[in-house]
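I'd like to ask you about the structure that follows.
The values are calculated or read from the model by the stated rules, or taken from the named source; none is laboratory data. If you're wondering where the values come from, they're calculated on a predicted model, not measured in any experiment. A quick note on method: Cβ atoms are made from the backbone with ideal geometry, for glycine too, and the neighbour counts reach across all protein chains shown. Side chains included, ligands, DNA and RNA excluded: accessible areas come from the protein's heavy atoms. Shrake-Rupley method; radii C 1.70, N 1.55, O 1.52, S 1.80 Å.
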Amino acid sequence: MQQLRDVAGDLSMKFRWTDKLSGLLRTASLHLQARLVRLDLGCVRLAADPSTALMQPLAALTALSDLRMSVYSNNERDAMLTLQLSQLTALTNLQVLHLTKQHAYFPEHRRLLEGSISVPLSAASAAQLAAGCKRLRALRLCLGSSDVTAEGLAELRHFSSLHSLCVSAEPFGNRPQPVTLDLLHLPKGLTSLELRNVDIITPPAALAAAASMDSQQISGQQQQGLFSYLDSAAAAASSLAGVFAGVNLPDGVDGVGCNGAGCVLGQLVCLKLESCRLRTSQLEALSLVLPSLQQLKLAAVAGLSDEGVAFLSRLTGLVDLSVQAPYNKALSQASLAALAPLRGLRYLSWQSDDLTSLGPVVAAFSHFTTLRLLSLSCTPATLKHACGQGAEDLLQQLLPYCHLDFIC
């Protein structure tokens with residue numbers, strides 16, 4: 001560590017697994033406090049109070065702009081440890097924070113289950129972290145479902161500089177606890193959003209009203225000026241209120257204020273939803289407020305159906321689409337026909353029960369002539385059984401620039 005003091009420029013340190021954590025961090029704070037800007041601690045086992053063993057030494061590294069770590073504890077359940085996110089507020093230069101909660105390894109009866117450490121994402125901890133780390137641009141929190149709260153997720157909107165957000169509420173083998181999120185409570189200006197095990201509760205009326213007002217804003221400013229736009233937007237919101245009668249809007253959102261969804265989601269380039277709940281009406285409304293979306297992943301999304309996938313045809317800027325829907329009888333290859341308008345699509349990954357068990361319907365993929373990679377949830381043998389000898393060659397002729405990827 002002392003030798004690193006003589007190295008010119010900023011320093012980065014990366015570990016696969018960290019032992020003697022307190023000594024390492026205290027030595028780094030003594031010799032490299034002003035120059036250590038990127039630190040990846042790898043997998044960190046905590047056996048004592050995280051406040052003294054981890055968080056306080058980290059807070060002394062005030063030059064850090066990039067911090068990544070995975071934490072776990074094998075203590076008995078009655079010796080639960082608590083890691084407080086608010087103790088990172090001293091890192092005012094932090095721009096990237098990745099924190100993952102790992103499962104337990106020992107004792108044997110708890111292997112791969114939830115470890116004896118909690119990382120509460122409460123309203124207070126999220127608000128304090130946002131107030132201290134105002135420069136944060138990328139936040140990745142992969143925690144347990146018992147750690148993440150709806151109030152904590154709502155407070156994430158105070159991260160004014162955030163561009164990339166990933167939140168995972170892993171059940172760790174326990175019965176999943178529903179974690180709800182209103183998309184209108186996300187930070188404005190996000191370009192990448194990844195959610196896992198989250199129940200999206202945003203009313204379709206709020207999203208649809210935002211889409212209507214965004215289009216009205218463009219035409220109003222071009223043709224009638226700002227004041228005419230305000231009148232037309234109010235009329236549009238009023239008419240939408242009648243269409244979506246009986247739907248309760250979230251707190252702080254009314255007919256005219258619904259254009260917040262355009263600010264929150266309008267710049268999204270990448271959206272990944274895994275093991276989430278998303279209703280067809282919500283997906284329909286989302287397809288109207290994601291004009292910049294280029295990458296979309298829907299994996300094990302409850303509520304996904306052929307009807308919902310058809311609305312994805314509005315996302316004409318999509319380059320990469322991944323739909324993984326095992327054990328979902330409401331989704332089939334039939335919905336692919338509605339995606340013909342996606343002329344810019346280059347990467348398509350598709351998993352549905354009918355494809356896995358019966359093989360592909362070649363005609364369903366024939367209009368994706370611009371694809372560069374097509375990943376299918378079936379084997380070459382299933383393709384041959386479903387479509388006959390030479391089916392793979394036929395599919396390759398229909399997609400001349402595409403690499404075909406099957407299950408081995």
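Please report, largest first and rounded to whole Å, the three semi-axes of the ellipsoid equivalent to the stretch 275-357, where each semi-axis is the square root of five times an eigenvalue of the C-alpha gyration tensor. Intermediate values should be presented prior to the final figure.
Numbers: eigenvalues 70, 43, 24 Å².
Equivalent ellipsoid semi-axes, largest first: 19, 15, 11 Å.
Could you rank K20, K134 by how accessible they are, 1.4 Å probe, largest area first?
Details: K20 165, K134 130 Å².
Result of the area sort, largest leading: K20, K134.
Using alpha carbons only, how many angstrom separate the centre of the stretch 87-103 from the centre of the stretch 137-160?
Their Cα centres are 12 Å away from one another.
Another question, if that's okay. Could you pull out the trypsin sites (Lys or Arg not before Pro) across the stretch 50-120 that fall in loop regions by DSSP (anything but H, G, I, E, B) with no more than 13 other Cβ atoms inside 10 Å? Show your work: numbers first, answer last.
Working: sites: R68, R77, K101, R110, R111; in loops: R111.
For trypsin sites (Lys or Arg not before Pro) across the stretch 50-120 that sit outside H, G, I, E and B with at most 13 neighbouring Cβ atoms in 10 Å, the list reads R111.
Take the alpha-carbon centre of the stretch 377-399, take the same for the stretch 312-336, and report the distance between them in whole Å.
The stretch 377-399 and the stretch 312-336 have Cα centres separated by 20 Å.
How much length is gained on full extension from H158 to K329, taking 0.36 nm per residue of separation minus their Cα-Cα distance?
Details: separation 171, 0.36 × 171 = 61.56 nm, distance 3.96 nm.
Contour length minus Cα-Cα distance gives 57.6 nm.
Also, quick follow-up: Give me the one-decimal nm value for the distance between modelled label points at E392 and R140, 7 Å along each residue's Cα-to-Cβ direction.
The answer from the label model is 3.4 nm.
Tell me the label-point distance for the pair R175, C408, using the 7 Å Cα-to-Cβ offset, in nm and rounded to one decimal.
Reported label-point gap for R175 and C408 is 4.0 nm.
Per 10 Å bin from zero, what fraction in whole % of the C-alpha pairs of the stretch 295-408 is there, up to the bin with the longest pair?
Taking all Cα pairs of the stretch 295-408, the binned fractions are 15, 51, 31, 3 percent.
I need the calculated FRET efficiency for the pair D354 and V319, taking r as the beta carbon distance and R₀ as 25 Å, to the nearest 0.05.
Details: r = 26 Å, r/R0 = 1.03.
It comes to 0.45.
Next up: What does the accessible area of H367 come to, in Å² to the nearest 10, when a probe of 1.4 Å is used?
Around 50 Å² of this residue is reachable by solvent.
Hey, if you drop one equal point scatterer on each alpha-carbon of the stretch 15-112 and run the Debye formula without solvent, what base-10 log of I(q)/I(0) do you get at q = 0.22 Å⁻¹?
Per q value, in the given order, log10 I(q)/I(0) is -1.18.
Right, next: Heavy atoms of the protein only, probe of 1.4 Å, neighbouring chains included. What is the accessible area of V362 in Å², nearest 10?
The accessible area comes out at roughly 20 Å².
When the solvent-accessible surface of protein heavy atoms is calculated with a 1.4 angstrom probe, in what order do Y72, Y327, Y105 fall, highest first? Walk me through the numbers on the way to the answer.
Details: Y72 20, Y327 200, Y105 70 Å².
If we order Y72, Y327, Y105 from most to least accessible, we get Y327, Y105, Y72.
Now for a different question. Filter the cross-link list K297/K329; K272/K384; K134/K272; K101/K297 down to pairs whose alpha-carbon distance in this structure exceeds 27 Å.
Working: K297/K329 19 Å; K272/K384 32 Å; K134/K272 25 Å; K101/K297 23 Å.
Pairs exceeding the cut-off: K272/K384.
Could you check the simple spin-label distance between M13 and E274, using points 7 Å along Cα→Cβ, in nm with one decimal?
Label-label distance for M13 and E274, simple model: 3.0 nm.
Calculate the radius of gyration of the Cα atoms of the stretch 316-371 to one decimal place, then report Dmax, the largest Cα-Cα distance, as a whole number, both in Å.
Gyration radius and largest Cα-Cα distance of the stretch 316-371: 11.1, 31 Å.
Separate question: Grab the Cα-Cα distance for T52 and T92, subtract it from 0.36 nm times how many residues apart they are, and report the gain in nm with one decimal.
Numbers: separation 40, 0.36 × 40 = 14.40 nm, distance 1.98 nm.
So the chain would gain 12.4 nm between T52 and T92.
What's the extension gain from T82 to Y401 if we count 0.36 nm per residue and subtract their Cα-Cα distance?
Working: separation 319, 0.36 × 319 = 114.84 nm, distance 5.24 nm.
Contour length minus Cα-Cα distance gives 109.6 nm.
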